[in-house]
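Q: This is the structure, below, for whatever I ask next.
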Amino acid sequence: MAYLGHQVRGFDVDKQRAASLSKGVLPIYEPGLQELFSLSRTNLTFGSDPAVAIRDADVIFITVGTPSLPDGRPDLQYIDSAAEMVGKHLTQSTAVIVNKSTIPIGTNRRVEEIIRKAYRRSKPEAEERFAVAYNPEFLRQGSAIHDTLYPDRIVLGSNNAQALEKLKAVYGSIIDQTFEAPAFLPRTETLHRVPVVATDLASAEIIKYAANAFLALKISFANELAQLTERVNADISQVIHGMGLDQRIQHQFLQAGLGWGGSCFGKDTAALVSIGQQHGVDMRIVRAARDVNYLQRERVVAKLTQELGTLEGKVVGLLGVAFKPHTDDIRDAPALDIARRLLARGATVRAHDPAALQRARLECQGSGVQFCESVDMLAHRAHALVLVTEWPQYQSLPWERLASAMRYPFILDGRNALNRETLEWAGFHYLGVGRADRPSTQPPVPSLRAVRRNPITVRETEFGRLRSFDELLTQPSPVPG
Ligand code: UDX
């Protein structure tokens, strides 16, 4: 907003965060964010006094978190307290209060009620012409700047026509694409206008959940198919390629792997199931998408167990901790869940990440995971590596050196992102997701190379295929979820 020319005052209850933002220290990592921040500084201030931020603002965005409660419902305490604060400090009677947090159907009305009550309490005589709107965000971690400046659509929900017009004006230069594109993120030539969906509150509320749930279930569909392609020696990448060329299907969000993570898909699918229940609708497809997703994580453990015989005493190195590349976000990161499952089975777990190590160390203190500064530390005398996050830098690691340093050079490519041939020539036994263990046309030479290189580690009893895959998956997991 500041980059587009609006005057923005950022408020946070966390005084430290507001103070460090004032000094230009960003709490999250995203490529280009620091540059954009510098370009926008003249229009941007931060503080922890709500009155200063709120009082005469024309538009107030509420952007607090709505984390999941244990039963899947979103926790609305932060949004309620933000609404209370807005009502108390607002002096601009024609302001539009825009909620950007993802919330259940009907919550915007509750937000409006809280604001009105607080407003009346603090200013009994004042006019009351402000309006509430919902403007869901569709930002991906790591590419939020792109998704903000060049969105597929802008969704605006309000039962007040003037509020909708005001918001269209706020977003005017994005809708018409008339702002000057930042040098580090040029506009694609084909983008001239961004569609706006201006609708009622409830429809806007559902659009957000529906979009995230649909993307999540596309991924789960690919992952379920991957289980089948593995069994019949087909290749999931080929299947998705052939499927996705159908213009009605497309390729996006059909990448099979370890499944989705992050702060949105898990939370929003859980919320949609719970909202459905409250309204007497069983969201079966969404439930199934969730089940398939979490099974993908357990399948990593099963594959490692099948390869190594037992996980007790084995050293497993995870390449990547962030829930996806180009971010240091580790919320609902598959890596951490997989690590917990491996630790529970007696393995030693190491993890490396190009951006999320510091955050992971802080947030996972006492977890038992050993966070490594280098991939060499990760691989040293390890029994297996798992590619969890497909960071581009992992494409060209010194594979031969890593394989030599390992006790048993096995790699599970959890994102089908690595070059199998390169890995096999480096001495690894490679396994992907949704692909045959070894193409029938290729002799198992690399594995033998590995055995020759590390003769002491490959013993029939230790690494023999002891149990079937189905057996491993049906065994109860000591780790919840
Ligand atoms: C998502 C939505 O894309 C965004 O519109 C919404 O506002 C917030 O939630 P985000 O969580 O940042 O964004 O990441 P996204 O790029 O959607 O990826 C989510 C997860 O799905 C990641 O763990 C990613 O690795 C996984 N994924 C994605 C797949 O496993 N396969 C795919 O084909 C695509």
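The values are calculated or read from the model by the stated rules, or taken from the named source; none is laboratory data. Only a predicted model underlies this, so the values are computations on that prediction, with no experimental measurement involved. Every residue, glycine as well, gets a Cβ built from its backbone with ideal geometry; the counts of neighbours run over all protein chains shown.
Here's the yes/no breakdown for (1) of a type in the set (Ser, Thr, Tyr); (2) closer than 23 Å to LEU412 by Cβ; (3) within 9 Å of the ligand (Cβ to nearest atom):
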position: ILE219; (1), (2), (3): no, yes, yes
position: ASP235; (1), (2), (3): no, yes, no
position: PHE265; (1), (2), (3): no, yes, yes
position: ASP268; (1), (2), (3): no, no, yes
position: VAL273; (1), (2), (3): no, no, no
position: GLY276; (1), (2), (3): no, no, no
position: VAL286; (1), (2), (3): no, no, no
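Q: Taking helices (runs of 4 or more DSSP H) that fall entirely within the range 321-386, which contain at least 3 residues that are within 26 Å of CYS264 (Cβ to Cβ) and not polar (S, T, N, Q)?
A: 334-344, 357-363
Q: Further question on the same structure: Could you please let me know if LEU21 is in a helix (DSSP H, G or I), in contact with a strand residue (DSSP E or B) (Cβ under 8 Å, 6 or more places away or on another chain) and not hydroxyl-bearing (Ser, Thr, Tyr)?
A: yes
Q: Which of (1) touching a Ser or Thr at 6+ places or on another chain (Cβ under 6 Å); (2) part of a loop (DSSP other than H, G, I, E, B) does HIS6 not meet, given it meets every other one?
A: (1)
Q: Of these, PHE253, PHE184, PHE179, which one is within 16 Å of the ligand (Cβ to nearest atom) and either over 30 Å from ALA131 (Cβ atoms) or surrounded by fewer than 16 Cβ atoms within 10 Å (Cβ to Cβ) (or both)?
A: Every option except PHE253 fails the conditions.
Q: Right, next: Could you tell me whether GLU224 is out of contact with any helix residue (DSSP H, G or I) (no Cβ under 6 Å at 6 or more places or on another chain) and either within 16 Å of the ligand (Cβ to nearest atom) or on the phi > 0 side of the Ramachandran plot (or both)?
A: In short, no.
Q: So, in the range 124-149, exactly how many residues are within 15 Å of the ligand (Cβ to nearest atom) and either part of a loop (DSSP other than H, G, I, E, B) or of a type in the set (Ser, Thr, Tyr) (or both)?
A: Going through the range 124-149 one residue at a time, the tally reaches 11.
Q: Could you list all residues from the range 237-250 that are over 14 Å from ASN416 (Cα atoms), surrounded by 15 or more Cβ atoms within 10 Å (Cβ to Cβ) and more than 11 Å from the ligand (Cβ to nearest atom)?
A: Residue satisfying the conditions is MET243 alone.
Q: Considering only the range 77-108, state which residues are of a type in the set (A, V, I, L, M) and surrounded by fewer than 20 Cβ atoms within 10 Å (Cβ to Cβ).
A: ILE105
Q: Write out, first by first residue and then by second, each pair whose Cβ atoms fall under 6 Å of each other, whose residues are 6+ apart or on separate chains, and whose first residue, in the range 123-140, is under 21 Å from GLU165 (Cα atoms) while the second is of a type in the set (Lys, Arg) and in a loop (DSSP other than H, G, I, E, B).
A: Between residues of the range 123-140 that are under 21 Å from GLU165 (Cα atoms) and residues that are of a type in the set (Lys, Arg) and in a loop (DSSP other than H, G, I, E, B), the close pairs are ASN135/LYS100; GLU137/LYS100.
Q: All but one of (1) over 19 Å from the mean Cα position of the chain (by Cα); (2) closer than 17 Å to VAL433 by Cα; (3) of a type outside the set (Val, Ile, Thr); (4) surrounded by fewer than 23 Cβ atoms within 10 Å (Cβ to Cβ) hold for GLY276; which doesn't?
A: Against the list (1) over 19 Å from the mean Cα position of the chain (by Cα); (2) closer than 17 Å to VAL433 by Cα; (3) of a type outside the set (Val, Ile, Thr); (4) surrounded by fewer than 23 Cβ atoms within 10 Å (Cβ to Cβ), GLY276 comes up short only on (2).
Q: Which pairs turn up if I take residues in the range 218-232 that are at pLDDT below 95 and look for partners that are assigned to a helix (DSSP H, G or I) and more than 10 Å from the ligand (Cβ to nearest atom) with beta carbon separation below 6 Å, at least 6 apart in sequence or on another chain?
A: none
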